[in-house]
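Comments concern the structure below.
The values are calculated or read from the model by the stated rules, or taken from the named source; none is laboratory data. Being a predicted model, the structure only gives us computed values, none of them experimental. Cβ atoms come from the backbone with ideal geometry, glycine included; neighbour counts cover every protein chain shown. When the accessible area is computed, the model is the full protein with side chains, heavy atoms only, and any ligands, DNA or RNA have been set aside. Shrake-Rupley method; radii C 1.70, N 1.55, O 1.52, S 1.80 Å.
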Amino acid sequence: MYYRRTPVAAALALAFIVPLTYSLPAGAQTAPTQTDAAKPDQALPSVTVNASADASSEGLPPAYAGGQVARGGRVGFLGNKDFLDTPFNSIAYTEQLIKDQQAKGVGDVLLNDPTIRVTRGYGNYQESYMIRGFITNSDDLAYNGLYGLLPRQYVAAEMLERVEVFRGASAFLNGATPGGNAIGGTINLLPKRASSEPTTQVTAGVESGGQTYVAADIGRRFGPDDRLGLRLNAVRRAGGTAIDNENRELNMATIGVDYRGNSFRLSADLGLQEYNLTSTRPSVRIATAPAGYVPSVPSASSNYGQKWFYSNERDLFGTVRGEWDLAQDVTSWFALGMRQGTENNSLATPNVNATNGNFTSNRFDNSREDYVWTGEVGIRGKFATGGVKHSVSASASSYWQDSRNAYAMSTNVATTGNLYSPSSSAQPALNFFGGSLASPETTTKTQLSSIALADTLSVLDERLQLTLGGRYQRLKTIGYDYNTHLQNNYYNNGTVTPVAGIVFKLTKEVSLYGNYIEGLQPGTKVSDTTATNFGALLAPYKSKQKEVGVKYDAGKIGLTVALFSIEKPNVITVGPTANPTYTTSGKQENQGVEIGAFGEPVRGLHLLAGLTLLDAKQKRTQNGTYDGKNAIGSAKTMANVGADWDIPGVQGLAVSGRVIYTSKQYVDSANTQGIPAWTRLDVGARYVTDIGGKAVTLRGGIQNLANRSYWESAGGSSALGYLVQNAPRTFITSASIDF
């Protein structure tokens, strides 16, 4: 049933037939024919292979000194840019960092980012990210520049070449996100590609709780000039965790193909991931309790979930992307992506209702299937008018999603428990249903389309660069009743989101920059029957960002400083309570300072550090009740310091350490409930040696070395507060062998 509903699997197969088709006649394209043999001047030149996921002629920006971050990354449809030439604040974490830190998923990589804190979605185990004080759900991760293609709950790190973080609003650069989030930033994940050197690496490991791990990474290039590349990654994780009775299982396999011709490049990926959780510890809500009450945190290893809790996810996904050089300074491109995803779970979120930690919870089951198609075409060219150079980019994109959902609840029976004395409860029977869990039907269809145009003008030998542009976006959503399956909601609206960015290079090493850019969220349909504008569709919400900053490249170390302000509209009511009018005149304003440092300041010492100071305030709230209060889940101070040191005199040995600090967060809009600041210390070591002529890398790490217990996050999804507890001390070890 899973594969019969749409022709996605067949289309994904075609995505791999295409590059292989192009590779078959490669000899005819790159080697002289018999007729040409007598004409050596017509033989095509050899190609220097610099393969990249985005199929660009330049390849990915190179790693910066120290190898933990890249010199730049993708700036939406403007393409790859060096960080000194970018009028925005962004960073790209490399495969080297991912491997050396033994990162399991995207969230583990983002622990290095001082502007991000990892949290969960509301009432589930979905990985989410607070960026500049606004939530970005994993629904809105981009995969090689396209949204909606990756597994919603969790993405394994073994498939990734880069994790690119764009800080700030980005509706112009990337288009509106399908989940309607990403006001504070977006995350783009780039898959691995075959390098010029063959890769055959096998890794095995174990971590606290008995979780075992085995992975394979194989890469090869073929054909004349190594034009065709294949990269295969596979991983399995299974077993317990450092949390009592919790079990996790991950199976993932991806294959990446790339082909590089003289004026044409193609890149394609196919992936399958299964992620299964059992007896996983849930998040916690605070129900009726004394004003200002927040439960003290239980032991970090304690599990107040039930054995019948589970969450299963399975996704088949793929992309294909190509570039053609139409002329020396003109390049066109296309991209296509598809995903089939299924999810099933049985959950129950504890609602703490007493100061002794007692709680009640109601069973909630969910079944979901997603079918996604998305694509983009574009053209980019360079020319000059007088003394002004232009880099013009234009693109058109489309996104289509059919989301099928069903749910069921136990509303008549609530389980009881205690945070500090976990006990087992029988699984309650379900008595309230929305659709069929065995066969969910369409509840939402989402269609996004846009066209964008931009021009980067440069003068003074490109020391002064000005980027101007706009994107027209249309957002269409159709909702259907869970049980009758009849249409009950319709939204179709369009708007323009502009951008203005400027870069001025004081010297080759120092850039000043500034930008104005907007975020975009779909408008809300007024469902309150007592409202004066019942049934109305409010206009799309346009968040507005202003930012200035400075960047410094000393060769061995890079420094960035950014000052930003983001205003996000909120829906409130005005007028009498009996007949209110809904309007988007509410507002949240987040202002902050971001400081970052990365590189290799002295030989063998790899540094990655940063500081964020954030002031996230609610403004123009309902009747002014929460005006001036801090936004839920936003910490005023976040700091990271990480160092990786190659031990002098001991070849192949390195040690590492990382400190993460997060200040107080509020759980409620009134700011009466707050969770304390927390600090986490991680340490690690690795040793590279030769055994039997094979390179062997031994890695070991301890996360949360002090085994501290704390509430890690106060939520933030849809302005709702809930508590997410940290993981206990966790030992991770692995051994990699290169054949």
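Taking Cα atoms, how many degrees apart are the long axis of helix 8-23 and the longest axis of the chain, rounded to 10 and kept between 0 and 90? In the chain, helix 8-23 runs at an angle near 20 degrees to the longest axis. Note on Ala719/Thr200: beta-carbon distance plugged into 1/(1 + (r/R0)^6) with R0 of 45 Å gives a FRET efficiency of 0.35. Backbone geometry of the range 615-625 corresponds, through the Karplus equation with coefficients 6.51, -1.76 and 1.60 at θ = phi - 60°, to 3J(HN,Hα) couplings of 10, 9, 10, 8, 9, 6, 7, 4, 6, x, 4 Hz, x marking Gly and Pro. Across the cross-link table entries Lys307/Lys664; Lys525/Lys664; Lys389/Lys546; Lys389/Lys568, which are compared at the Cα atoms, the separations over 29 Å belong to Lys307/Lys664; Lys525/Lys664; Lys389/Lys568. Seen from a random direction on average, the alpha-carbon convex hull of the range 510-623 projects onto 9.1 square nanometres. The reciprocal of the average 1/r between distinct C-alpha atoms defines the Kirkwood hydrodynamic radius, which for the range 465-563 equals 17.2 Å. Reachable aspartates and glutamates from Lys544, Cα under 20 Å, same-chain residues fewer than 8 places away excluded? Qualifying aspartates and glutamates at Cα under 20 Å: Asp140, Glu518, Glu567, Glu589, Glu594, Asp615, Asp627. Note on Ala354 and Ser424: the model spin-label points, each 7 Å out from Cα along the C-beta direction, lie 2.3 nm apart. Length, then width, then depth: along the principal axes, the Cα atoms of the chain run 87, 63, 56 Å.
Scanning residues 5 or more positions from Lys629 or on other chains, those with amide H under 5 Å from its amide H are Gln618, with H placed 1.01 Å from N in the peptide plane. A cut-off under 15 angstrom between Cβ atoms defines the neighbours of Ser709, and their net charge, with Lys, Arg +1 and Asp, Glu -1, is +2. Surface analysis of the chain yields an accessible area of 39 Å² per residue, using protein heavy atoms and a 1.4 Å probe.
Normalised Debye scattering of the range 134-274 at q = 0.14, 0.15, 0.18 Å⁻¹ gives log10 I(q)/I(0) of -0.80, -0.89, -1.08, counting only Cα atoms as equal scatterers and leaving out solvent.
Local charge sum around Leu457 (other residues, Cβ-Cβ under 14 Å, Lys/Arg +1, Asp/Glu -1)? My count for the surroundings of Leu457 gives -1. Under the criterion of Cα pairs below 8 Å and six or more residues apart, the relative contact order for the chain equals 11 percent.
A straight line joining the Cα centroids of the range 188-212 and the range 480-519 runs 34 Å. Here the simple spin-label model places points 7 Å from the Cα toward Cβ, and for Thr532 and Thr637 these points are separated by 4.7 nm. Pair-distance distribution P(r) for the range 596-739, from all Cα-Cα distances in 10 Å bins starting at 0: 11, 28, 26, 18, 11, 5, 1, 0 percent. Applying the Karplus relation 6.51 cos²θ - 1.76 cosθ + 1.60 with θ = phi - 60° to the range 679-695 yields 3J(HN,Hα) values of 10, 10, 10, 10, 9, x, 8, 8, 9, 9, 9, 10, 10, x, x, 10, 6 Hz, where x marks Gly and Pro. The aspartates and glutamates whose alpha-carbon is closer than 13 Å to the alpha-carbon of Lys508, local same-chain residues fewer than 8 away aside, are Asp82, Asp85, Asp461, Glu462, Asp553. Can you give me the Cα centroid spacing of the range 242-300 and the range 46-118 in angstrom? Measuring centre to centre over Cα atoms gives 21 Å. Loop-located trypsin sites (Lys or Arg not before Pro) in the range 641-685 (DSSP state other than H, G, I, E, B) with a sparse environment of at most 16 neighbouring Cβ atoms within 10 Å: Lys664. Here the extension length gained between Arg603 and Glu441 equals 52.4 nm, from 0.36 nm per residue of separation less the Cα-Cα distance. Here the 3J(HN,Hα) profile of the range 169-175, calculated from phi with Karplus coefficients 6.51, -1.76 and 1.60 at θ = phi - 60°, is 5, 8, 4, 5, 6, 10, x Hz, Gly and Pro shown as x. For the range 243-298, the alpha-carbon coordinates run over 70, 28, 15 Å along the three principal axes, in decreasing order.
Across the protein chains, with a 1.4 Å probe defining accessible surface, the residues Lys99, Lys307 rank Lys307, Lys99 from largest area downward. Across the accessible surface of the chain, with the other protein chains kept in place and a 1.4 Å probe, carbon and sulfur atoms take up 57 percent.
Helical runs (DSSP H, four residues minimum) scored at -39500 (n - 2.57) apiece and divided by the length of the chain put the mean residue ellipticity at 222 nm at -1000 deg cm²/dmol.
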